[in-house]
Amino acid sequence: ERFIDGREFNIAVLEVEGRPRILPMAEMVFAQYGPERRRIVDYAAKWHPESFNFSHTVRRFDFDSGDAPLLGRLRRLTEEVWSLFGARGYARVDFRVDGEGVPWILEINVNPCLAADAGYMAAANRSGLELSDVVRYLVDAALATPSGVAS
């Protein structure tokens with residue numbers, strides 16, 4: 001697997017009334033990373049508050065109008081991945097976008113962290129949802145699943 005140098009996006013999805021709802025898209029910005037650092041959300045960026053990576057890996061939700069075509073493509077790919085894997089309840093799809101503007105799917109996380117400081121809840125909060133709202137939608141999705149168990 002090769003490293004995709006470029007932009008990184010996290011797209012949170014929440015099932016609402018049986019359909020995937022794309023929450024505000026987030027880009028991870030690697031602020032002040034010099035050429036000696038790989039621009040990647042690594043262990044230190046997630047879990048070591050005292051590290052450079054933690055304090056200089058920043059989530060943003062606001063984009064220039066020129067990003068609209070890319071964001072539209074990421075939205076379509078996220079919906080396709082959701083459908084392809086039969087996701088239910090909630091998920092997060094992570095992408096890298098190379099220098100040519102080609103999106104690469106890194107993963108679909110079907111159990112992203114719901115902690116207040118995690119990316120999923122940042123996107124949910126950005127769309128006006130609180131944790132109680134997200135949990136209510138998850139319960140609704142679970143109860144709507146034929147087996148009664150969300151996947």
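Structural remarks
- Measuring spread by the Cα atoms of the range 10-80 yields a radius of gyration and Dmax of 14.9, 46 Å.
- For the range 85-130 versus the range 8-69, the inter-centroid distance based on Cα atoms is 9 Å.
- Based on every Cα atom in the chain, Rg and the maximum pairwise Cα distance Dmax equal 15.9, 51 Å.
- FRET efficiency, Ala31 to Ser65 (Cβ-Cβ, R0 30 Å, nearest 0.05): 0.85
- With all protein chains in place and a 1.4 Å probe, the accessible surface of the range 1-86 carries 51 percent carbon and sulfur.
- Solvent-accessible area of Arg7 with every protein chain in place, 1.4 Å probe, in Å² to the nearest 10: 70
- Expected 222 nm ellipticity per residue - DSSP helices of 4 or more, -39500 (n - 2.57), all of the chain, to 500: -9500 deg cm²/dmol
- Helix axis angle, 131-144 relative to the chain longest principal axis, alpha carbon, degrees: 50
- Degrees, to the nearest 10: 68-84 long Cα axis against longest axis of the chain: 50
- The convex hull around the C-alpha trace of the range 44-123, projected and averaged over every direction, spans 6.4 square nanometres.
- Dipole in debye (nearest 20) - the chain, about Cα centre, beta carbon charges: Lys, Arg +1; Asp, Glu -1: 120
The values are calculated or read from the model by the stated rules, or taken from the named source; none is laboratory data. Predicted model only: the values in this text are computed from it and were never measured. Note that each Cβ is placed from the backbone with ideal geometry, even for glycine, and that neighbours are counted across all protein chains shown. With ligands, DNA and RNA removed, areas are computed over all heavy atoms of the protein, side chains included. Shrake-Rupley method; radii C 1.70, N 1.55, O 1.52, S 1.80 Å.
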